[in-house]
Amino acid sequence: TDAHIEACTAGKKLNAFITDTHDLAREQAKASDARRAKGEVGKLEGAPLGIKDLFCTDGVKTCAGSKILGDFTPPYESSVTANMKADGMVMLGKLNLDEFAMGSSNETSAYGPVINPWKVGGRKGEDLVPGGSSGGSAAAVAADMCLGATATDTGGSIRQPASFTGTVGIKPTYGRCSRWGTVAFASSLDQAGPIAKTVKDSAILLESMAGYDPKDSTSLDLPVPDWTASCERSVKGMRIGIPKEYTIDGMPPEIQSLWDQGIAWMKDAGAEIVPVSLPHTKYALPAYYIVAPAEASSNLARYDGMRYGLRVEGDDLNDTYDKTRAAGFGAEVQRRIMIGTYVLSAGYYDAYYLQAQKVRTRIAEDFKTAWESCDALLTPTCPSAPFAVGRKVTDPIQMYLNDIFTVTANLAGLPGISVPAALDKDGLPLGLQIIGKALDEDTVFAAASALE
Ligand code: GLN
């Protein structure tokens with residue numbers, strides 16, 4: 001714990017943490033030593049970890065990267081972090097993120113951007129983004145400030161930052177991790193998962209985070225499998241699907257060669273490669289950027305300056321709402337609320353929201369058809385390596401395009417993992433993604449281990 005606290009202090013300039021809980025961490029480490037002495041060793045006993053600031057933590061400020069939550073300090077613990085506490089984790093602090101987890105670069109945080117510890121050529125170059133929205137989680141793990149971190153993934157926010165920082169990140173099947181006590185973005189897509197250094201570490205973390213929770217109506221009442229054992233499973237005879245629609249126009253040659261490399265590794269390990277088709281892939285990104293803002297506009301209606309966080313007094317109630325929300329939400333969050341309320345409004349609902357929901361069904365059906373001929377899919381995680389801070393933040397469409405390979409798994413509720421697989425010509429990390437069948441994290445971990 002002391003070594004990690006030192007690393008956190010040394011790495012301050014990366015801005016990975018919003019809130020440090022070093023005193024608490026020392027206390028937890030002491031309590032953990034005492035348990036160890038008694039022979040009580042939990043799954044995460046004494047492990048120094050970071051928690052994305054989207055998970056409510058009892059008595060510790062939780063602000064979701066937003067000004068609107070002010071210094072909100074929840075009097076309760078999210079189910080995911082409660083599970084981890086019960087397993088003996090040591091919490092080093094709360095990690096920076098895009099505001100309300102909306103973004104792909106961690107530049108929309110009210111607490112400033114997170115800097116990727118990777119630089120061009122491994123030397124001092126311009127600052128690069130760590131990806132988002134779990135940019136703090138990814139940067140902190142990549143910079144060895146913590147052994148692992150919690151993250152959340154609504155459209156790629158675990159897998160894309162993992163790809164950008166050379167770390168492993170898994171989003172499990174929707175419903176594996178309880179959403180209770182995690183600040184909501186788009187409830188039908190949000191799923192928690194870990195970011196870690198290795199596939200096996202991510203399996204251990206996920207085993208702790210997951211599990212049935214009656215407080216979340218979409219939580220799956222299923223036992224948590226032994227995913228650590230899955231990491232040892234061979235991929236011999238496994239059928240790995242290569243979806244042809246993921247070869248997109250203008251795909252950089254380095255992403256294509258990353259993918260080819262992954263295919264070769266899989267073949268070497270004894271897997272069978274099968275071409276598959278997911279015909280509705282091109283509609284996934286537009287559908288996601290309708291469904292996610294629609295749900296966000298509804299979830300964010302609760303930040304009205306009355307219950308918690310920021311309040312800017314106005315002339316009357318409505319004026320107070322207006323002033324509070326105008327001052328408390330950043331530009332990207334306001335954009336999402338406007339898109340969301342627009343696509344849900346009378347007259348536009350059928351044309352946008354309903355259509356997007358139909359696309360979502362088609363995308364889920366595409367995957368079902370693919371599973372007739374393969375056990376898991378292999379794709380690149382992102383269409384690019386990490387980019388410079390400030391490069392895309394003023395161009396939302398460019399930013400949204402980052403999520404092209406990740407949103408499909410969220411729309412269909414499927415598990416997906418990103419594994420570091422190569423370095424580009426500038427020495428920057430690139431990740432490969434494995435997408436599995438619903439509830440088949442077992443195969444996902446086995447296939448990911450073959451890529452490591
Ligand atoms: N980048 C996507 C978005 O901005 C995904 C975010 C996420 O998964 N939380 O919506």
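The residues in the stretch 424-444 that are assigned to a helix (DSSP H, G or I) and closer than 23 Å to ASP403 by Cβ can be counted, and the count is 2.
Restricting the stretch 106-139 to residues that are surrounded by fewer than 20 Cβ atoms within 10 Å (Cβ to Cβ) and among the acidic types (Asp, Glu) leaves a set whose member that is modelled with the lowest pLDDT is GLU126. Taking the criterion of being in a helix (DSSP H, G or I) and within 15 Å of LYS425 (Cα to Cα), the residues of the stretch 235-257 that qualify are PRO253, GLU254, ILE255, GLN256, SER257. Kindly indicate the residue of the stretch 394-413 that is assigned to a loop (DSSP other than H, G, I, E, B) and surrounded by 18 or more Cβ atoms within 10 Å (Cβ to Cβ) and also nearest to the ligand (Cβ to nearest atom) among those meeting that condition. Filtering first and then ranking leaves ASP403.
If I filter the stretch 345-364 for residues that are at positive phi, not β-branched (Val, Ile, Thr) and not in a helix (DSSP H, G or I), do I get at least one hit? Reasoning before the result, please.
As a first pass, look at the stretch 345-364 and keep what is at positive phi: 347.
Subset that is not β-branched (Val, Ile, Thr): 347.
Now restrict to residues that are not in a helix (DSSP H, G or I): 347.
Checked the stretch 345-364: at least one residue is at positive phi, not β-branched (Val, Ile, Thr) and not in a helix (DSSP H, G or I).
For the stretch 140-155, taking the residues that are within 16 Å of the ligand (Cβ to nearest atom) and either touching a helix residue (DSSP H, G or I) at 6+ places or on another chain (Cβ under 6 Å) or of a type in the set (Ser, Thr, Tyr) (or both), the one that is farthest from GLY413 (Cα to Cα) is identified as ALA149.
Looking across ALA64, ALA47, ALA25, one residue alone is buried (at least 18 other Cβ atoms within 10 Å of the Cβ) and in contact with a Pro (Cβ under 7 Å, 6 or more places away or on another chain). It is ALA25.
Screening THR247 with (1) touching a residue at least 12 places away in the same chain (Cβ under 8 Å); (2) of a type in the set (Val, Ile, Thr); (3) surrounded by fewer than 24 Cβ atoms within 10 Å (Cβ to Cβ); (4) out of contact with any Gly (no Cβ under 9 Å at 6 or more places or on another chain) gives one miss only, at (1). Inside the stretch 274-313, residues that are of a type outside the set (Lys, Arg), surrounded by fewer than 17 Cβ atoms within 10 Å (Cβ to Cβ) and more than 16 Å from the ligand (Cβ to nearest atom) make up a count of 9.
Taking the stretch 103-139 as the search range and keeping residues that are on the phi > 0 side of the Ramachandran plot and away from the ligand (no atom under 15 Å from the Cβ), which one is nearest to the chain's Cα centre (by Cα)? The extreme case among them is GLY112.
Quick check on the stretch 232-241. Is at least one of its residues crowded, with 20+ Cβ neighbours inside 10 Å and within 21 Å of the chain's Cα centre (by Cα)? Looking through the stretch 232-241, none of the residues is crowded, with 20+ Cβ neighbours inside 10 Å and within 21 Å of the chain's Cα centre (by Cα).
The values are calculated or read from the model by the stated rules, or taken from the named source; none is laboratory data. These numbers were taken from a predicted model, which means no experiment stands behind them. Backbone-built Cβ (ideal geometry, glycine too); neighbour counts: all protein chains shown.
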